[in-house]
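Worksheet: one structure, shown below.
We did not get these values from a lab; they are worked out from the coordinates using the rules stated. This one's a predicted model, so the numbers in the text were calculated from it and none came from an experiment. Neighbour counts are summed over all protein chains in view; Cβ atoms, including those assigned to glycine, are modelled from backbone coordinates with ideal geometry.
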Amino acid sequence: MAEQDGVTCRMPFEDREPSSWSDAELRAFMRANAPEGADVDAMLPVVRSAIGQGADPRALAPMMRGAAASGADPERMLAMMQMGGASPQPANVGERPQGKAEPVSAAGRVRTWFSPERGKKALVILMWLAVWELADHLVDNRLVLTGPVRTLQALTEQIVKADFWLICAASFCRIAAGFILAFAGGILIAVAAHRVRLVRDLIEPIVGLLKTVPMVSFIIMLLIWVGNQALTIYLSFLIVIPLVYTNMYAGLEAVDLKMLEMACMCGMGRWRQFLYIYRPAFMPFLVSGCKVSLGMSWKSGIMAEVFGTPAPSIGKQMFAARTFLDTPSLFAWTAVVMLLSVVFEKAFMALLARAARPWGSAWARVGRTSRRAAWASRRNRSRPSSRRASRRAMATTMCSAA
Amino acid sequence: MCTSANVSPVPAPSRRQFIKFAGACAAAAAGMGLAGCSNGHGDSASQASSKAAPTVEDRTLTGDTDPTTVRVGLIMGPPSMGLSRFLIDAQSGDTYNSYEFEFCGVDYQAVAARLNQGDFDIVTLPSNLGAVLYNNEDIKTKVQAISVNNLGVLYGITTDPNVNELADLEGRTAYVYGEGGTPEYTIATVLEGHGLGDGKVNIVFKSTPFEVLNLLQDEENCIAILPQPFVALADTMVTGLRRPIDITAEWESMESANGSEAVTTHTVANREFLEEHELAVVEYLQRAGASVDWTLKNLDEASSCQVELGSFLNDDVARQAMPYISLVNLTGEVMYDALSGFLAAIHAQNPDSIGGDMPGSDFYYMPPAGALDADVQAMASAPDKTPAELVG
């Protein structure tokens with residue numbers, strides 16, 4: 001039985017990932033946190049399934065205790081959890097001792113590195129490189145097509161030049177700035193549109209406009225309005241922001257209303273709702289949106305640089321190569337853009353994947369005891385009985401509806 | 001910083017005109033952007049001439065004198081605007097050899113690529129690209145410059161009544177279109193040649209001519225250096241605009257000019273074709289020269305067929321611009337002096353702009369003495385005689 005004032009004893013297995021907890025450990029955890037009289041065996045499959053979907057019981061625990069404190073009886077809690085989408089699954093799915101699981105996954109990793117899949121992939125790439133080289137020989141017009149060997153040669157000629165890295169860094173910074181501004185702006189606007197209908201109605205036609213205006217029109221007008229140095233940032237921004245907004249907005253709309261009601265009943269704050277209920281809902285949308293828009297930001301950014309030729313920039317180099325009929329250099333710079341684009345995409349997607357992971361465990365690890373104490377004391381301090389009563393009424397309505 | 005779209009202060013007719021002409025001018029300017037005009041410094045030119053200057057010789061024509069089909073790739077705009085008469089004659093089958101002209105918009109990269117592909121025998125190109133092709137070791141086609149089509153097309157224009165000559169630019173800002181192309185090097189050469197180098201004039205490059213036009217409208221006493229036909233276009237859009245500075249004339253008055261010219265475009269032939277069918281190239285040069293002379297004498301008539309022929313997108317702008325695009329047909333030793341000096345100047349500013357090195361003397365085609373004055377039929381029927389003998 002958990003202490004209502006927040007001072008709880010921590011069980012040793014709680015430091016491990018919940019997916020590795022055995023049924024016995026999970027039962028013990030629930031007994032410690034669920035309200036008195038709860039049917040732990042009945043809840044086990046539900047909780048197990050919730051864990052399978054990325055939920056963390058350590059983060060759910062305070063919610064469970066909150067619900068108990070507000071008077072929801074165990075049957076109703078179970079009904080709520082099932083209503084929230086967690087369906088019972090065989091309880092032994094996750095039952096695997098961690099000691100054994102580790103080496104298996106490590107061995108698996110080693111195996112995938114040398115897997116026939118990778119070999120096949122490499123062969124396919126080699127095949128296409130050979131086709132490219134062959135095409136170079138067949139076309140036999142170096143003003144039109146440059147093969148991989150000549151491109152690599154041109155690339156090494158560029159890399160040894162003193163300002164190569166400066167040029168790359170300048171273009172990278174411009175495009176990354178445009179993308180990150182659009183990423184942040186798109187999220188903020190989507191949140192505002194989600195919360196205030198008027199904002200959505202006002203924003204929607206502008207987003208539609210941004211999506212359909214040809215890139216070249218942006219370039220021509222922006223060149224006059226903002227000049228060539230800022231053009232790249234503006235263009236990447238304008239191309240990316242509707243993508244981020246649309247995906248983020250769809251993600252927010254996809255949030256599970258039942259989960260929100262439950263959170264509301266349990267007295268979860270707005271920020272926590274955002275982190276633990278909205279975030280898992282919109283993250284898949286945001287991730288897929290970013291995959292597309294990262295590539296777009298580079299495509300549009302380099303296009304802007306070729307038109308605006310700010311110095312130093314990759315676009316200016318490409319323009320010069322085109323001007324002086326230096327096709328090998330044009331191909332080499334194209335390769336550089338592709339590499340930088342992939343590096344940026346991988347780095348950003350890795351950060352995003354970090355943000356998409358369940359946070360419960362991380363949150364719990366950082367001074368859980370003190371946070372629980374804070375949680376409990378805040379609850380005791382700031383919840384007058386009238387609010388508690390209204391929550392109770394709401395919970396009753398909710399459950400009877402079910 | 002510029003604020004609004006460039007069309008706002010323009011009255012309705014001009015706006016229509018603007019939209020109509022914008023395409024044409026963009027095309028023409030793009031074509032010339034690279035070409036720009038640059039003059040040879042006297043000293044760099046003499047360095048280059050260590051590869052001895054070629055001379056016209058009394059010799060017979062090489063290759064076959066039977067009529068052949070010549071495929072010509074043209075860039076729209078100034079390089080083709082003097083060829084109207086030739087185009088009309090070729091269409092009506094009035095030439096000894098048959099000439100098939102194809103316009104490729106302003107896409108000189110495509111023209112160069114198709115020359116290398118073997119699709120064209122003769123092409124017009126911005127004046128630095130012949131040397132670029134000559135120096136390019138990756139390509140299979142050898143090229144020779146056969147004539148110069150346009151000299152300078154750059155003008156200093158301003159709304160400031162106090163700017164009347166080049167020296168007045170000292171300490172001022174001038175907006176320029178054509179960074180990285182020959183306009184940049186031409187302007188730098190002219191400023192240096194008149195003692196205005198070392199940043200005495202603040203040159204600010206804009207990425208499109210439209211930005212410059214916008215500044216001319218918005219900024220008081222604004223100075224710009226633009227190529228034709230944008231100068232003609234600016235005239236229709238900016239009230240009180242004057243063109244006090246002719247960059248081409250300033251080039252010629254430089255002490256270091258030494259017979260070099262601000263060359264904007266030139267004509268290049270596939271060397272292999274030239275050796276096999278020299279007569280066809282000679283006829284081309286005769287016809288092109290006659291056409292330029294005719295155009296300059298009949299500006300109204302010549303400009304009225306530009307759209308029909310495909311050499312420009314608007315007859316009215318063509319009429320306004322034609323007297324100022326320095327139409328010429330320089331060949332032989334005159335071409336060598338003008339072009340090699342120009343290439344030397346560009347080379348001094350940025351070797352990459354001509355492909356790294358000054359081209360050797362074999363780059364400049366020297367027709368046999370008298371060939372451009374002799375009758376084509378006569379040369380064809382007497383291949384054993386030198387053209388000089390036929391002329392007498």
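With r as the distance between the Cβ atoms of residue A:115 and residue A:23 and R0 = 25 Å, compute the FRET efficiency 1/(1 + (r/R0)^6) and round to 0.05.
E(calc), rounded to 0.05, equals 0.15.
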Counting only other chains, what is the mean number of Cβ atoms within 10 angstrom of the Cβ of each residue in peptide A:225-232?
3
Calculated from DSSP helices alone, with each H run of at least 4 adding -39500 (n - 2.57) and the total divided by the residues of chain B, [θ]222 nm to the nearest 500 comes to -12000 deg cm²/dmol
The simple spin-label model distance between residue B:221 and residue B:57, using points 7 Å out along Cα→Cβ, in nm, is 6.0 nm
Dipole of region A:187-329 [Lys/Arg +1, Asp/Glu -1 at C-beta], most positive-end residue of A:255, A:317, A:271:
A:271
Suppose each label sits 7 Å from its Cα in the direction of the beta carbon; what would the residue A:200-residue B:389 distance come out to in nanometres?
9.3 nm
To the nearest 20 debye, what charge dipole does region B:121-202 have about its Cα centre, counting +1 at the Cβ of each Lys and Arg and -1 at the Cβ of each Asp and Glu?
240 debye
Using Cβ counts within 10 Å as a stand-in for footprinting exposure, how do B:88, A:206 rank, fewest first?
A:206, B:88
May I ask you to compute the full-extension gain from residue B:64 to residue B:255, defined as 0.36 nm times their residue separation minus their alpha-carbon distance, rounded to one decimal in nm?
64.3 nm
With θ set to phi - 60° and the Karplus curve 6.51 cos²θ - 1.76 cosθ + 1.60, what are the ³J(HN,Hα) couplings of region A:332-339 in order, to the nearest whole Hz, using x for Gly and Pro?
4, 5, 4, 4, 4, 4, 4, 4
Nothing charged except the Cβ atoms of Lys and Arg (+1) and of Asp and Glu (-1): what's the magnitude of the dipole of region A:269-339 about its Cα centre? Round to the nearest 20 debye.
460 debye
Estimate the FRET efficiency between residue B:300 and residue B:203 by the formula 1/(1 + (r/R0)^6), using the beta-carbon distance for r and 35 Å for R0, to the nearest 0.05.
0.45
FRET efficiency for residue A:343 and residue A:192, using Cβ-Cβ distance with R0 set to 30 Å, rounded to 0.05
0.40
Report, to the nearest 10°, how far helix B:332-349 tilts away from the longest principal axis of the Cα atoms in chain B, using its own Cα long axis and a range of 0 to 90°.
40 degrees
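Restricting the count to DSSP beta bridges whose residues both fall in region B:164-276, what percent are antiparallel, rounded to a multiple of 5?
Here the share of antiparallel DSSP bridges comes out near 0 percent.
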For a quick check: with amide H placed at 1.01 Å from N, whose amide H comes under 5 Å from residue B:70's, ignoring anything fewer than 5 positions away on the same chain?
B:98, B:99, B:100
Which angle between 0 and 90 degrees, to the nearest 10, do you get for helix B:182-193 versus the longest principal axis of chain B when only C-alpha atoms count?
70 degrees
Please order A:260, B:133 by the number of other Cβ within 10 Å, starting at the fewest.
A:260, B:133
For region A:231-353, what is the number of Lys pairs with C-alpha distance below 29 angstrom, counting only pairs 8 or more positions apart or on separate chains?
6
Report the extension gain between residue A:173 and residue A:16 in nm, rounded to one decimal, defined as 0.36 nm multiplied by the number of residues separating them, less their alpha carbon distance.
52.5 nm
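Let me know the shape class of region B:44-198, please: from the alpha-carbon gyration tensor, a ≥ b ≥ c as square roots of the eigenvalues, rounded when a/c is under 1.5, otherwise prolate if a/b is greater than b/c, or oblate.
prolate
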Placing unit charges on C-beta atoms (Lys and Arg positive, Asp and Glu negative, everything else neutral), compute the dipole magnitude of chain B about its Cα centre in debye, rounded to 20.
940 debye
Can you tell me the orientation of helix B:278-297 relative to chain B, as the angle in degrees between its alpha-carbon axis and the longest Cα principal axis, to the nearest 10?
40 degrees
For a quick protection proxy, order the peptides A:250-257, B:300-307 by their average other-Cβ count within 10 Å, most packed first.
B:300-307, A:250-257
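Taking neighbour Cβ counts within 10 Å as the exposure measure, how do B:267, B:189 sort from fewest upward?
Sorted ascending by nearby Cβ count, the order is B:267, B:189.
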Extending each Cα 7 Å along its Cβ direction at residue B:378 and residue A:152, get the distance between those two points in nm, one decimal.
6.2 nm
